């Protein structure tokens with residue numbers, strides 16, 4: 001009974017120059033901004049040399065990385081549940097996952113310094129922790145086997161091997177189907193569906209450890225089992241916002257204007273609404289259990305974010321990343337009036353960055369009147385100030401530009417999976 | 001299914017009979033009512049959801065308003081085809097959700113913070129984070145209930161009977177039948193024309209539906225009212241019982257709806273127990289045995305006796321030092337100060353309170369120069385702490401032996417301090 005539709009005869013399906021132009025402009029702008037950031041980063045006198053640079057680098061990199069990782073999940077989940085509505089968006093998501101190899105290389109920008117002995121990004125790389133007289137030895141000595149810089153770097157390579165492997169396999173099969181006949185394309189679609197189950201499992205386990213290692217370990221004595229779920233929720237929210245914006249941008253260039261309709265944006269909006277709620281759900285779960293349990297090794301995380309200048313960032317997140325967009329996205333009309341939907345996509349992306357900033361930055365170590373205050377570990381919360389620095393901005397835009405370059409590099413051929421057996425149903429999709 | 005079946009005498013292919021026509025005969029026992037039968041409307045069956053949608057659109061465009069579609073599953077797009085306006089139910093649900101939010105928060109505030117505040121581990125009785133989960137649940141609960149019952153109300157449910165139930169064919173609407181029914185009350189309804197419209201719209205079968213015109217056949221049978229009233233009154237009984245229990249006194253034990261572990265097959269202390277020869281639940285000491293830890297063989301330490309007389313020194317187990325005195329002070333302040341006062345002068349809160357309500361309760365002044373407590377040897381003082389004196393109860397059960405000796409020590413310290421003279425002060429001490 002599902003209605004189907006065939007592609008509009010005048011539809012412009014080919015990416016043509018779009019990808020190479022994106023690659024050239026994004027690459028040039030990104031390289032320029034990255035160079036500028038390095039210059040600015042060397043001139044910082046906050047805390048330790050280069051510390052702010054690497055923290056800002058991690059936040060900005062994590063921002064674009066979460067979108068690429070989330071896009072991979074978008075693809076997997078569509079295959080897994082035989083989703084129909086989003087087939088017209090799948091190729092765009094596949095292009096986004098094409099940025100993963102470049103993101104891997106960019107991540108080496110902080111992995112290699114850690115390997116080389118830079119100890120002011122991840123405090124667990126401090127050699128003094130191995131000494132039994134260190135005040136945190138008691139908290140850390142059982143974890144130091146896991147937090148070995150080389151083991152850490154090895155895991156980083158493994159995570160990206162899995163992400164890139166999954167992304168290439170699914171994008172590759174999807175693209176290969178474009179050149180096949182109907183039966184061949186259907187067989188490939190079935191193959192992707194079959195493998196999406198195990199792939200989702202592998203993806204989930206990878207993402208749990210990915211977020212634990214790269215973000216939660218910034219505060220190595222603190223732990224929260226739902227941390228990765230919250231990170232994932234933010235990543236998915238950012239992914240749907242990016243899908244909306246990126247698809248709209250492609251349509252502005254005159255391509256796929258007939259295939260992606262307000263109905264598809266409406267569904268993206270529903271997911272933005274859903275993930276907005278899932279984000280606060282996991283964030284609040286983490287907060288409430290630790291607040292109620294009231295154990296010092298857990299509450300330290302919130303101590304720094306509630307009883308210092310960070311309090312205002314926390315409130316901003318609560319209202320900006322949840323309450324306001326949640327209430328605004330609850331109605332059908334916000335999702336169907338495209339300029340409004342695009343506004344909220346940008347809004348939520350901005351707050352996704354604030355969320356990562358809020359998660360990462362308070363872990364910085366500070367020198368207060370010559371005395372070391374270990375951000376995640378000790379000290380009066382009131383000493384923790386919210387600092388901004390030009391590298392926060394330059395690195396964010398550098399990463400976005402390079403991310404777009406990575407997406408552009410993989411943006412070749414058709415902008416829709418033209419031979420997908422469910423494409424007709426996706427084209428005819430309507431919200432009733 | 002009833003005695004007014006109009007359908008079993010038409011074959012699928014046969015045209016619909018005109019009302020009261022020869023083709024239209026009745027079951028055996030309704031001949032008298034037959035002439036009064038009234039046309040309710042026309043029911044048309046369709047093969048596919050697509051055909052139903054097309055027919056609905058056609059009927060709507062022909063100007064009909066009193067018609068409805070019936071299907072065993074939701075047919076997407078049917079509301080648009082029928083010209084049904086978008087439901088306003090979401091707004092009602094939103095209001096329901098807000099009511100649940102406010103109601104849930106108010107419920108917790110009323111119960112926990114206002115009507116019956118209860119100290120649980122020193123936690124505040126009103127604290128927003130702790131109330132979020134319940135508020136969240138009540139918000140969802142009321143949203144869901146509003147959706148469910150709002151949908152009922154919008155669809156005029158529950159509807160226990162419908163004229164189309166008289167047509168056998170209509171039973172398939174819960175399985176695989178798709179129907180469109182037009183009411184005869186529609187101002188455009190004209191039996192033959194409407195029938196032709198439906199046939200032209202692709203109906204595979206069109207059938208007229210008649211209802212019994214007798215007024216008594218359209219009323220709810222009286223016994224049903226009787227049963228409903230009886231049930232309603234029975235339902236009041238529990239409420240009346242509850243009200244009676246609240247308004248009256250009773251010497252009967254509570255109703256144990258949930259008995260928990262209130263009644264256990266065990267003997268409580270000081271209760272009779274017929275299975276023992278002496279009929280008592282309590283078991284005394286067995287002759288010739290001493291319970292573990294209760295030997296008390298050391299006369300000096302356990303009883304304060306030195307060769308049959310009260311000792312004037314201390315047992316060797318007690319060392320006189322600051323730790324022993326601190327311990328003695330702590331125990332004294334817990335067990336002795338309520339009557340004897342912190343300074344030992346007999347002005348504890350118990351005698352003070354008895355005095356305030358007009359009674360007499362003298363606690364001995366332990367520190368007055370002429371006090372018997374000063375003249376007593378250490379052993380007798382120890383014995384008094386252990387076994388009591390006049391109306392004072394012994395503290396052997398609450399305070400371990402060594403602690404009782406330390407209380408003796410502290411009492412001696414109090415007596416010394418309270419009777420000190422100025423020239424006994426250490427040099428440099430100031431008098432306040």
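The values are calculated or read from the model by the stated rules, or taken from the named source; none is laboratory data. All of these numbers come straight from a predicted model, not from anything done at the bench. Quick reminder, even Gly has a Cβ in these numbers, built from the backbone with ideal geometry, and neighbours come from all protein chains shown.
Summary table below
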item: Subset of the stretch B:259-286 [surrounded by 10 or more Cβ atoms within 10 Å (Cβ to Cβ), in a loop (DSSP other than H, G, I, E, B) and in contact with a strand residue (DSSP E or B) (Cβ under 8 Å, 6 or more places away or on another chain)]; result: B:273, B:281
item: Residue match in the stretch A:148-161 (condition: more than 30 Å from residue A:76 (Cα to Cα) and not in a helix (DSSP H, G or I)); result: yes
item: Number of positions in the stretch B:81-93 that are within 14 Å of chain A (Cβ to nearest Cβ) and over 43 Å from the mean Cα position of the chain (by Cα); result: 2
item: All positions within the stretch A:328-344 that are away from chain B (no Cβ under 14 Å) and crowded, with 19+ Cβ neighbours inside 10 Å; result: A:341, A:344
item: Positions within the stretch B:40-80 being part of a loop (DSSP other than H, G, I, E, B) and away from chain A (no Cβ under 14 Å), in sequence order; result: B:62, B:63, B:64, B:65, B:66
item: Residue match in the stretch B:316-331 (condition: modelled with pLDDT of 90 or more, farther than 30 Å from residue B:241 by Cα, under 45 Å from the mean Cα position of the chain (by Cα) and surrounded by 10 or more Cβ atoms within 10 Å (Cβ to Cβ)); result: yes
item: Single residue of the stretch A:301-327 satisfying the filter (surrounded by fewer than 19 Cβ atoms within 10 Å (Cβ to Cβ) and more than 23 Å from the chain's Cα centre (by Cα)) that is farthest from the other protein chains (Cβ to nearest Cβ); result: A:309
item: Those helices (runs of 4 or more DSSP H) lying entirely in the stretch B:287-374 with at least 3 residues under 17 Å from residue B:392 (Cβ atoms) and touching a helix residue (DSSP H, G or I) at 6+ places or on another chain (Cβ under 7 Å); result: B:349-356
item: The one condition in (1) free of Cβ contacts under 8 Å to residues at least 60 places away in the same chain; (2) over 28 Å from residue B:306 (Cα atoms) that residue B:343 fails to fulfil; result: (1)
item: Residue count for the stretch A:380-432, restricted to those that are within 14 Å of chain B (Cβ to nearest Cβ) and touching a residue at least 24 places away in the same chain (Cβ under 8 Å); result: 5
item: Selection from the stretch A:226-260 of residues that are in contact with a helix residue (DSSP H, G or I) (Cβ under 8 Å, 6 or more places away or on another chain), on the phi < 0 side of the Ramachandran plot and part of a loop (DSSP other than H, G, I, E, B); result: A:226, A:253, A:255, A:257, A:259, A:260
item: Single condition residue B:130 does not satisfy, out of (1) touching a residue at least 24 places away in the same chain (Cβ under 8 Å); (2) touching a strand residue (DSSP E or B) at 6+ places or on another chain (Cβ under 9 Å); (3) outside the structural domain of residue B:207 (by TED's automatic domain parsing); result: (1)
item: Members of the stretch B:66-79 that are within 45 Å of the chain's Cα centre (by Cα) and either in contact (Cβ under 8 Å) with a residue 60 or more places away in the chain or buried (at least 16 other Cβ atoms within 10 Å of the Cβ) (or both); result: B:68, B:69, B:70, B:71, B:72, B:75, B:77, B:78, B:79
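Here is a yes/no grid of residues against (1) closer than 29 Å to residue B:91 by Cα; (2) in contact with a strand residue (DSSP E or B) (Cβ under 8 Å, 6 or more places away or on another chain); (3) at pLDDT 95 or above:
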residue: A:265; (1), (2), (3): yes, no, yes
residue: A:269; (1), (2), (3): yes, no, yes
residue: A:303; (1), (2), (3): no, no, no
residue: A:311; (1), (2), (3): no, no, no
residue: A:314; (1), (2), (3): no, no, yes
residue: A:317; (1), (2), (3): yes, no, yes
residue: A:329; (1), (2), (3): yes, no, yes
residue: A:341; (1), (2), (3): yes, no, yes
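Conditions (1) in the same structural domain as residue B:71 (by TED's automatic domain parsing); (2) surrounded by fewer than 10 Cβ atoms within 10 Å (Cβ to Cβ), marked per residue:
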{"site": "B:173", "(1), (2)": "yes, no"}
{"site": "B:185", "(1), (2)": "yes, no"}
{"site": "B:195", "(1), (2)": "yes, no"}
{"site": "B:214", "(1), (2)": "yes, no"}
{"site": "B:220", "(1), (2)": "yes, no"}
{"site": "B:230", "(1), (2)": "no, no"}
{"site": "B:234", "(1), (2)": "no, yes"}
